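Values quoted throughout were computed directly from the atomic coordinates according to the rules given, and no laboratory measurement underlies them. Not measured: the values here are computed from a predicted model. Counting neighbours? That spans all protein chains shown, and the Cβs are built from the backbone with ideal geometry, glycine included.
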Amino acid sequence: MEPRNTPGPSRPTVTRFPQYQNQPWTDEPTVQPAAAQARHSGATAGADKYPPDVVFIVGADGQILFVNRAMGGVNPDEVIGSSVFDWVFPEQHALVRERLRLVFETAEPQGHELAGFYPHSPDSWYECRLAPNLRDGAVVSATIVARDITHHRRAEREAERRYIELTRMYEERTADLSRANAALANARRERDSGSARQLRLLALLDASGEAVFVSHPESGTILDVNETACRWLQRSREEIVGSRAHALGLGFPIQLTEDQDLEFTETRDTRRPVFVNGVHYRQDGSTFPVEAAIARHDLGGGEGCFLTVVRDMRDRQQTQVALRQREAAYRDLFRLTSDAVYLTTRAGEIVAVNDAAVGLFEYTRDELLGMDARALFSDVQDIRRVQAAMAENDGVARDVAVELRTKSGTIVAGVLSATRAQGAEGKIQGYQFLLRRVASHAVHAGPPMPEPVTGPLVLVADANADVLAMATEVLERAGFRVLATDSNARALDLLRQHAGEVAALVLGVEPGERDLEHSVDEFRRVDPDTAVVVSSADDRLALADRLAGLDVAGYLEHPPHPLALVQKVRDVLSRGSPE
């Protein structure tokens, strides 16, 4: 169907750029919508596939003049006219702004990498190339080509992480065993020669902080121990040497099982140990955790042994306990502080709130979790000021004056501080916000967007209770009267009862629903003047083919983004007829 001429913001004009000479542009210096380009090129619905790269054309101030594909469920026509900074995370604004400035000042290409575009996954990485577009020798706009290199970056990070971890484990776990192995080999040679060097090495081995056991691999008889092992067992060397491990009642192994020994000797370097956790029992009944590193060694002449180095793990255990205590203290501080604190993902979804935030905003904890934090702001300009402060101060905003809206509609004034929440490896996982209330409006503001008496009536039918509740709330806030039901049969009854009144029907569809064509046809027969908007997770082009001829007014992803839902309903009502 042909697009309708609807009121909207004027589109900026740009020159026809050389790098797009093979694309179906007209001779007029105007950027065409994506749908018009597809018609001009003769592309069919089946061949209308998005290219892998995202291509923008932007002005010097970052305004998007052209985009070649939808962004996060928002079609290209709706992206055009917005700012490129609306799709870039706050901490990346300075980098993008600098590269854009260089393109316009020097007319030279630039490049950088970005960690994701909003609302894509913040784990995504894009390689961005910026090129100047010239007209009469002057740069009039810039072309940005963003290529998804996520799999390359993830592979690099995983390879680096694994290499660092393996190196750390190798160096940490083999240092003591290598020292003991060298000491034992040297002690054997020095023992045969009777040299003074033998005595020094044995003294060092005895003085080490780890208990060392040497045992026969077949009989299990202990061949030698150091002084640390004697102190741990509170026995003399003479009592230990010649006995078997099971007779000592050890809480840790000093020999490998047959399965471990077979795998160890056939597939691994014999100088690398097997690590086993255990417990050491003192004669007084007390215990402490240990880690045993066990390895088989060939002493020459067909003689072999197991060398076991046992390390006291109490310090590590105490460190872990202290870490858990600090985490518990942080959770208590988070929960009990009188200021409202909430955590979000990088995309703005609330993932944790404290009791003060629940009490302040008047939502339940379950209602707040998963909510877009931007919905709490009374003025969108406050959001932009917080983002600007974070971009200017390395991801930190301090005491930004804002006004937030509670569930009941009360306007709460306060100062908001924000910082990046980072994981153990320094990776940004989201943001933490702290709101200190400084004043509250004395006059109750009422619902954020009161229901108008004469506003358009919208019928929402969706079996998903959460989506139904969300759609009802955002549409009412946007000024619509709403009828809501979780049943298509009930929706048909409501449409009959309000025949001629329902301006639009938002129909939620489960993936792969077989009776969709029949359901839409029934709604169209009951009231053909009602604009039907289908919300489904299925492919939009496939849905359009299935519903061809049924005059469907528009399509949305399921679950729909609140802003996209309101905009789509407004669009179909402003057109007055199906698209």
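Cβ neighbours within 10 Å, averaged per peptide: list 242-253, 387-398 in order, most packed at the top. Mind dumping the intermediate values first?
On the way: 242-253: 14.0, 387-398: 16.5.
Sorting 242-253, 387-398 by mean packing, highest first, produces 387-398, 242-253.
Placing a pseudo-label 7 Å from each Cα along the Cα-to-Cβ vector at T364 and L563 gives an inter-label distance of 2.9 nm. Near L556, the amide H atoms lying under 5 Å from its own belong to V534, S535, S536; only residues 5 or more places off or on other chains count, and H is placed 1.01 Å from N.
For the stretch 523-537, list residues with backbone N below 17 Å from a point placed 7 Å from the Cα of S487 toward its Cβ? Within reach of a label on S487: 523. Here the Karplus curve 6.51 cos²θ - 1.76 cosθ + 1.60, taken at θ = phi - 60°, turns the phi angles of the stretch 78-87 into couplings of 7, 6, 4, x, 7, 9, 4, 6, 5, 10 Hz, with x standing for Gly and Pro.
Once the Cα-Cα distance is subtracted from the 0.36 nm per residue extended length, the A182 to Q234 segment shows a gain of 16.1 nm. If R0 is 22 Å, the Cβ-Cβ spacing of V415 and E392 corresponds to a FRET efficiency of close to 0.85. Taking a ≥ b ≥ c as the square roots of the eigenvalues of the Cα gyration tensor, the stretch 339-440 is oblate, since a/c reaches 1.5 or more and a/b is not larger than b/c.
Expected output is a single nm value to one decimal: the length gained when fully extending between L223 and R385, i.e. 0.36 nm times separation in residues minus the C-alpha distance. What is it?
Details: separation 162, 0.36 × 162 = 58.32 nm, distance 7.34 nm.
Value of the extension gain: 51.0 nm.
Tell me, what is the FRET efficiency for L248 and E171 to the nearest 0.05, using R0 = 35 angstrom and their Cβ-Cβ distance as r?
Using R0 = 35 Å, I get an efficiency of 0.65.
Stretching R525 away from N464 to a fully extended chain increases their span by 19.5 nm, per 0.36 nm per residue minus the current alpha-carbon distance.
If R₀ is 51 angstrom, what is the calculated FRET efficiency for the pair R161 and V241, using the beta carbon separation as r and rounding to 0.05?
Details: r = 44 Å, r/R0 = 0.87.
It comes out at approximately 0.70.
Each of the peptides 464-471, 288-295 was scored by the mean count of other Cβ atoms within 10 Å over its residues; in descending order, highest first, they stand as 288-295, 464-471. Dipole orientation for the stretch 478-518: of the candidates A478, V509, L492, A478 has the Cα lying most toward the positive pole (charges on Cβ; Lys, Arg +1; Asp, Glu -1). Evaluating 6.51 cos²θ - 1.76 cosθ + 1.60 at θ = phi - 60° for every residue in the stretch 167-177, the Karplus couplings come out as 5, 4, 4, 4, 5, 6, 7, 9, 4, 5, 5 Hz, glycine and proline recorded as x.
For the stretch 489-498, the Karplus equation 6.51 cos²θ - 1.76 cosθ + 1.60, evaluated at θ = phi - 60°, returns couplings of 5, 5, 4, 4, 4, 5, 5, 5, 5, 10 Hz by residue, with Gly and Pro reported as x.
In this rough spin-label picture, where each label sits 7 Å from Cα along the Cβ direction, the A347-Q422 distance is 2.4 nm. Please give, to one decimal in nm, the separation of the simple spin-label points placed at Q432 and I149, each 7 Å out from Cα toward the Cβ. Each label point lies 7 Å from its Cα, and together they span 3.2 nm.
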